[in-house]
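Worksheet: one structure, shown below.
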Amino acid sequence: MRRLKIAEKMRNLMAGYYMLGHNAKVRAWVTSGAPVEILYAMDVYPVYPENHGALIGAAKLGSHYSDFAEKRGFSRDLCSYARCDIGCVFAGTSPVGGLPRPSFLFACNNICNTVVKWYEVLSRIFKVPLFVLDMPFIRKELKDSHLRYVEDQLLDFIKFVEKITGTQMDDSKLKEVGTKSVEAVKLYGECLRMAKNKPSPMTCFDAFINMAPIVCLRGTDYAVSFYKDMKEELEDRVKNGISAIENEKFRLLWDNIPVWYRLRWFSEFFESKNACLVADTYTNAWTGFSEIRSSDLISSLAEVYTVSYLNIGIERMAEIINWLIEFYEVDGVVMHSNRSCKPYSFGQYEIQKKLSVPSVIIEADMVDERAFSEAQIATRLEAFLEML
Amino acid sequence: MKVGYFCTFTPKELIHSAGFLPFRVFATRKPISLASAYIQSYACSQARGALEVAMSDEFHGFVFTRSCDTLMRLTDILEFLGKRVYNIEFPTKIGNVDYYVQELRDFCKALESWGGEISFERVMESLELYRELEEKLTKLFEICADYETAIKVQQTEVRDAIKLVEKKIAEAKKENAPKILLTGSVCPYPEIYEIFRNAGFAIKDDLCTGRRFFEFRRPNFEPHDLNSALRFLAEKYFAKAPCPTKHYSNDYRFEYLLKLAEDCAAVVFLLVKFCEPHFFDFPQLKEKLEEMGKKVALIELEFPVASTEQIRTRVEALREVIE
């Protein structure tokens, strides 16, 4: 597989990001789907335990760090991002030397209710305040009452941060961060959409590897410049006819969080079968944030973040997947039934029946390698690809 | 007509006032088979068992409240199966009453579209009936915790439920044994509780099939119209026995549970496998309980319970340790 060169830059950028955290005055641990724009606008450094979990998974250290939490009584059936993160706190270290201690915690349940429980645990360990941004689940339509509920909480949150930092929110700064966030998200979306080309210049594994900046640095110049460079590299590839894999015969879509400790195994497996995973629902989930309007930032943040991909009903999820199928012209869908992520995985059996192309479900876990059965998964995937 | 519900935060008073029978859906003793085609095996067995019931019995519709991620998706799954469903967005963060009153207003409209009738008088009548049931259950549990009754009333018309509880109060005998606190979500099998009783414990609980169903702090005002009745209902449910699917300020649930445990000799976490909200709370609660000098045990359940013998051995061992 021809990996994107930009991954090297990403590693340096993220190393810098983790370093910065240790010098920051005020640090918040924050969930991946929270409106981080408010934090950047108020000079609060955001720490992302979920990204940290992914990093641990990719380093194949999931069960190692999870064990520190399991020994303290945290069940192995709990989300493995949470287990690893809590485990690292008890271990006092991690592949990046542990995350810097939080000044406060910020959990937004637009991705799951797990984060609320996880952050409650952290707030008891660190004895720091926790702000829960409660977003109603939007199974059908987004109601005005839901929007008002979220808007009120965003205003409360700003007051909460003002009290901790001792400085007032500067509206023009929030606008500036919002503009940068939209710019980065747009560029990021353009990068992902380059996979529409046949053959595709990238795979979803490139998307997984290079998604950290959109999660952690959205709202900063770093993310904007990173995705500009990534887009350039992809454009170059298209211009010069360079494809991500040697012989693209099938085009596939991945659903759910990646199996971080097996990225290489999956990418080699699919390449050997001439199948290119051109897109996925996970990294696409961040492209929705491009709808933020700087004219009415608070209400727009409320709206965009409330209807995030995991906070909607399966009917709407299936519509989005079918849109991706059509846009990327894929032949089949590989669905990861992820033991660690219930809102992402429950409903997959139903979504599967609503899709316009064939699909296969494989069961694993995003970070805990003990839940991976190689032979079983390989057999299922082989049968699926033969059928295609 | 039966309207199925799954969570003790469901405003059953409104379902009842609209002319339906609020019917709590529990896993049964039958093996889970049909449901396996629609939800993964790592969903808790209460959710899978309830799905099995929902697929095989007659219901007019199902009402969900936002509680855990599994129930959130179960709404989608039941709708996919062609069932009539409605989800009330009960806030995860307890606090904003106005928001929840609006959710209840929207729910009233949904009940009307299901053929129900909502009026101030009828809502008040149901509020009154459930108040009576809750007070009587409290009285019964003060004498002796009767789980067979507590489970049955959640699937019975409230007027009949009141009569049943009255009868049980008349028969109940005060228990005189060391207290044990059972904490968890649901356990719909009365024989499990009997294991604790037979081992020589009097039971106190923090369960959805126990006091979480009937313990409320009632608001201090009399409703005068439908709007204020909905506000009354919202405040009543905000001030209910706490649940780990909700976020409270100042860690209220921990404070509540530690207080509940004060006069108990031991605490048993009776948890359904894969129940994230409870399993996240478990290690830190256990630590605090042990600091208080309580003996703590964890019993993990999967429905239907395959063997009660293992549980019996654990409970008897616990009784011996306490002696």
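Taking 25 Å as R0, compute the FRET efficiency from the Cβ-Cβ separation of A:Leu142 and A:Arg293 and round it to 0.05.
For R0 = 25 Å, the calculated efficiency reads 0.95.
Compactness ratio of the protein assembly as shown: Cα Rg over 2.2 N^0.38 Å, N = residue count?
With N residues counted in the protein assembly as shown, Rg over 2.2 N^0.38 Å equals 0.98.
Taking a spot 7 Å from the Cα of B:Glu191 along the direction of its beta carbon, which residues of the stretch B:293-321 have an amide N less than 13 Å from it?
Correct set: B:304-312.
What ratio of Cα Rg to 2.2 N^0.38 Å holds for chain A?
Dividing the Cα Rg of chain A by 2.2 N^0.38 Å gives 0.95.
Identify, among B:Leu260, B:Thr149, B:Leu74, the residue whose Cα sits farthest towards the positive end of the charge dipole of chain B, taking +1 on the Cβ of Lys and Arg and -1 on the Cβ of Asp and Glu, with the dipole about the Cα centre.
Toward the positive end, the furthest listed residue is B:Thr149.
Would you compute, from DSSP H runs of 4+ residues alone, the mean residue ellipticity of chain B at 222 nm, taking -39500 (n - 2.57) per run and dividing by the full residue count, rounded to the nearest 500?
-15000 deg cm²/dmol
Determine the dipole magnitude for the stretch A:6-168: charges of +1 sit on the beta-carbon of Lys and Arg, -1 on that of Asp and Glu, nothing else is charged, the reference point is the Cα centre, and the result goes in debye to the nearest 20.
So the dipole magnitude of the stretch A:6-168 works out to roughly 440 debye.
Relative contact order of chain B: what whole-number percent is it, with Cα pairs under 8 angstrom and at least 6 residues apart? Could you put the intermediate results ahead of the total?
Numbers: 502 pairs, mean separation 62.9, N = 323.
Answer for chain B is 19 percent.
Per-residue ellipticity at 222 nm for chain A, helices alone: DSSP H runs ≥ 4 residues times -39500 (n - 2.57), over residue total, nearest 500 deg cm²/dmol?
-16500 deg cm²/dmol
Taking beta carbons within 10 Å but only from partner chains, what does the mean come to for residues A:79-87?
Mean shielding count: 1.
In nm, to one decimal, how far is the modelled label at A:Glu268 from the one at B:Lys174, with both set 7 Å along Cα→Cβ?
7.3
Over all alpha-carbon pairs of the stretch B:132-268, lay out the pair-distance distribution in 5 Å bins, whole %, shortest bin first.
All Cα pairs considered, the percentages come to 2, 9, 17, 20, 20, 15, 9, 4, 2, 0, 0.
Decide, for the stretch B:197-246, between rounded, prolate and oblate: order the square roots of the alpha carbon gyration tensor eigenvalues as a ≥ b ≥ c, take rounded if a/c falls under 1.5, and otherwise choose prolate if a/b is larger than b/c, else oblate.
prolate
Could you run the Debye sum over the Cα atoms of the stretch A:9-90, one equal point scatterer each and no solvent, and tell me log10 of I(q)/I(0) at q = 0.13, 0.16, 0.19, 0.24 Å⁻¹, two decimals?
Debye curve over Cα of the stretch A:9-90, log10 I(q)/I(0) at q = 0.13, 0.16, 0.19, 0.24 Å⁻¹: -0.47, -0.68, -0.90, -1.14.
Taking each residue of A:340-346 in turn, how many C-beta atoms of other protein chains fall within 10 Å of its C-beta, and what is the average?
Going residue by residue through A:340-346 and averaging, the value is 6.
Enumerate the calculated ³J(HN,Hα) couplings along the stretch A:326-342 in order (Karplus 6.51 cos²θ - 1.76 cosθ + 1.60, θ = phi - 60°), each rounded to whole Hz, writing x wherever the residue is Gly or Pro.
Listing the rounded values in order: 5, 4, 8, 6, 8, 9, x, 10, 9, 9, 8, 7, 9, 4, 8, 10, 5 Hz.
Take each of the peptides A:151-161, B:238-248, average the number of other beta-carbon atoms within 10 Å over its residues, and list them starting from the highest. Mind showing how you got there, number by number?
Working: A:151-161: 16.7, B:238-248: 20.8.
Top of the packing list down: B:238-248, A:151-161.
Can you give the FRET efficiency to the nearest 0.05 for B:Thr308 and B:Lys83, using r as the Cβ-Cβ distance and R₀ = 35 Å?
Result of the calculation: an efficiency of 0.60.
In nm, to one decimal, how far is the B:Ser33 label point from the A:Leu155 one, both placed 7 Å along Cα→Cβ?
So the label points at B:Ser33 and A:Leu155 sit 5.7 nm apart.
From the backbone phi of the stretch A:110-127, what are the Karplus-calculated ³J(HN,Hα) couplings (6.51 cos²θ - 1.76 cosθ + 1.60, θ = phi - 60°) in whole Hz, Gly and Pro given as x?
The phi angles translate into 7, 10, 4, 8, 4, 4, 5, 5, 4, 6, 4, 4, 4, 5, 6, 5, 8, 6 Hz.
Separation between the A:Ala91 and B:Glu128 pseudo-spin-labels, each 7 Å from Cα along Cα→Cβ, expressed in nm?
6.3
Expressed as a fraction of 2.2 N^0.38 Å, the rule-of-thumb size for a compact globular protein of N residues, what is the C-alpha radius of gyration of chain B?
0.98
Gain in length, A:Glu326 to A:Ala383, computed as 0.36 nm per residue apart minus the alpha-carbon separation, to one decimal in nm?
Extra length from A:Glu326 to A:Ala383 when fully extended: 18.2 nm.
So what is the diffusion coefficient of the stretch B:2-115 in µm² per second by Stokes-Einstein at 20 °C and 1.002 mPa s, using a Kirkwood Rh over Cα pairs?
Diffusion coefficient, whole number: 147 µm²/s.
I'd like the mean, over residues of A:70-76, of how many other protein chain beta carbons sit within 10 Å of each residue's own Cβ.
Taking the mean over all residues of the peptide, I get 5.
Given H placed on each backbone N at 1.01 Å, which residues far from A:Leu277 in sequence or on other chains put an amide H within less than 5 Å of it?
For A:Leu277, whose amide H was placed from the backbone, the distant partners under 5 Å are A:Cys204, A:Leu252.
Return, for the Cα atoms of the stretch A:6-168, the radius of gyration and Dmax in Å, separated by a comma.
Using the Cα atoms of the stretch A:6-168, the pair Rg, Dmax is 16.4, 46 Å.
Tell me, in nm to one decimal, what length is gained between A:Asp67 and A:Asp236 on full extension, where the rule is 0.36 nm per residue of separation less the Cα-Cα distance?
This chain segment gains 56.4 nm when fully extended.
Which order do the peptides A:203-216, A:115-128, B:132-145 take when ranked by the mean count of other beta-carbon atoms within 10 Å per residue, highest first?
Order by mean packing, descending: A:203-216, A:115-128, B:132-145.
Every read-out reported here was derived from the displayed coordinates using simple, explicitly stated rules and does not represent laboratory data. Since this is a predicted model, take the numbers as computed values, not measurements. Because the Cβ atoms are built from the backbone with ideal geometry, glycine has one as well, and the counts that use them run over all protein chains shown.
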